Amino acid sequence: MRLEVISISNKLTKWEDETLRFYLKQISSFANISIQNIKPAQGRNLSIREVQTNEEKNISKRIKTDSLIISFDRKGKQLDSLQFADLTQKFLSSGRSCSLIIGGSYGLSESFLAKSDHVISFSALTFPHKLFKILLIEQLYRSITIIQNKSYHK
């Protein structure tokens, strides 16, 4: 089982890298996980659709053929931590790779979201990419501790 977080984002800052490493180390004993950062599409003359198309092509190149696709969008289904742990358990036990997709500043297109296996929202609020990626990794760690009945989640 492989978890791949695929994120449109710029170079990691020191605090982001340190925080992600902390949680990734905790998760690594339970699941094979990696983070792939893709440089955002640039160009003042690009339309929102052109930016999304460019970024989604780069995302799609990194998704394995048989991978479950979990996309994050504020219009997606909101789950509490126990529901997210239940979903995490389902995709961990599926035996398939799972690609967790964080779109760029314009989000993911409706067509990309439609081909996702699940579309999840952590909140109706908008988060900066650096913070959201950390929230996602922390919630994956929390899910694993819930699945393993460890005391991290209270």
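The values are calculated or read from the model by the stated rules, or taken from the named source; none is laboratory data. Keep in mind the model is a prediction, meaning the values are calculated, not measured. Neighbour counts are summed over all protein chains in view; Cβ atoms, including those assigned to glycine, are modelled from backbone coordinates with ideal geometry.
Quickly run through segment 119-139 and pick out the residues that are part of a loop (DSSP other than H, G, I, E, B), in contact (Cβ under 8 Å) with a residue 24 or more places away in the chain and surrounded by 15 or more Cβ atoms within 10 Å (Cβ to Cβ).
Phe122
Could you grab the pairs with beta carbons closer than 6 Å, sequence gap of 6+ or different chains, first residue in segment 6-29 and under 14 Å from Leu135 (Cβ atoms) and touching a residue at least 60 places away in the same chain (Cβ under 8 Å), second one charged (D, E, K, R) and assigned to a helix (DSSP H, G or I)?
Ser7/Lys133; Glu16/Lys130; Tyr23/Glu138
Collect the residues in segment 21-71 that are of a type in the set (Ser, Thr, Tyr), outside any helix (DSSP H, G or I) and over 18 Å from Lys11 (Cα atoms), keeping them in residue-number order.
Within segment 21-71, the first condition is being of a type in the set (Ser, Thr, Tyr), and the residues that meet it are 23, 28-29, 34, 47, 53, 60, 65, 67, 71.
Then drop every residue that is not outside any helix (DSSP H, G or I), which leaves 29, 34, 47, 65, 67, 71.
Matches in segment 21-71: Ser29, Ser47, Thr65, Ser67, Ser71.
Pairs only if they're at least six apart or on different chains, beta carbon under 7 angstrom, first in segment 40-68 and closer than 16 Å to Ser116 by Cβ, second of a type in the set (Phe, Trp, Tyr) and in a loop (DSSP other than H, G, I, E, B); list them, first residue then second.
These pairs meet every condition: Gln52/Tyr106.
Among the residues of segment 72-87, which ones are in contact (Cβ under 8 Å) with a residue 12 or more places away in the chain and not in a loop (DSSP other than H, G, I, E, B)?
Within segment 72-87, Phe72, Asp73, Arg74, Lys75, Gly76, Lys77, Gln78, Ser81, Leu82, Phe84, Ala85, Leu87 meet the criteria.
Which condition breaks for Ser99 when tested against (1) touching a residue at least 24 places away in the same chain (Cβ under 8 Å); (2) within 18 Å of Tyr23 (Cα to Cα); (3) assigned to a helix (DSSP H, G or I)?
Every listed condition holds for Ser99 apart from (3).
What are the residues in segment 103-118 that are assigned to a strand (DSSP E or B) and farther than 21 Å from Asp66 by Cβ, if any? Before you say what the answer is, go through the steps one by one.
As a first pass, look at segment 103-118 and keep what is assigned to a strand (DSSP E or B): 104, 107, 118.
Passing the criteria: Gly104, Gly107.
Yes/no per residue for (1) among the hydrophobic types (A, V, I, L, M, F, W, C); (2) within 22 Å of Phe22 (Cβ to Cβ); (3) out of contact with any helix residue (DSSP H, G or I) (no Cβ under 9 Å at 6 or more places or on another chain):
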{"site": "Lys39", "(1), (2), (3)": "no, no, no"}
{"site": "Arg44", "(1), (2), (3)": "no, no, yes"}
{"site": "Arg49", "(1), (2), (3)": "no, no, yes"}
{"site": "Gln52", "(1), (2), (3)": "no, no, no"}
{"site": "Ser94", "(1), (2), (3)": "no, no, yes"}
{"site": "Ser109", "(1), (2), (3)": "no, no, no"}
{"site": "Leu125", "(1), (2), (3)": "yes, no, yes"}
{"site": "Tyr152", "(1), (2), (3)": "no, yes, no"}
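Scan segment 1-20 for residues that are part of a helix (DSSP H, G or I), of a type outside the set (Phe, Trp, Tyr) and loosely packed, with under 11 Cβ neighbours inside 10 Å and jot them down. Steps first, answer last, please.
Keep residues of segment 1-20 that are part of a helix (DSSP H, G or I), which gives 14-20.
Subsequent filtering for residues that are of a type outside the set (Phe, Trp, Tyr) retains 14, 16-20.
The answer is Lys14, Glu18.
Given the conditions (1) modelled with pLDDT under 95; (2) touching a His at 6+ places or on another chain (Cβ under 8 Å); (3) of a type in the set (S, T, N, Q), which single one is not true for Ser71?
Exception for Ser71: condition (1).
Residues in segment 21-52 that are β-branched (Val, Ile, Thr), crowded, with 16+ Cβ neighbours inside 10 Å and over 12 Å from Tyr141 (Cα atoms): how many?
Here the count works out to 3.
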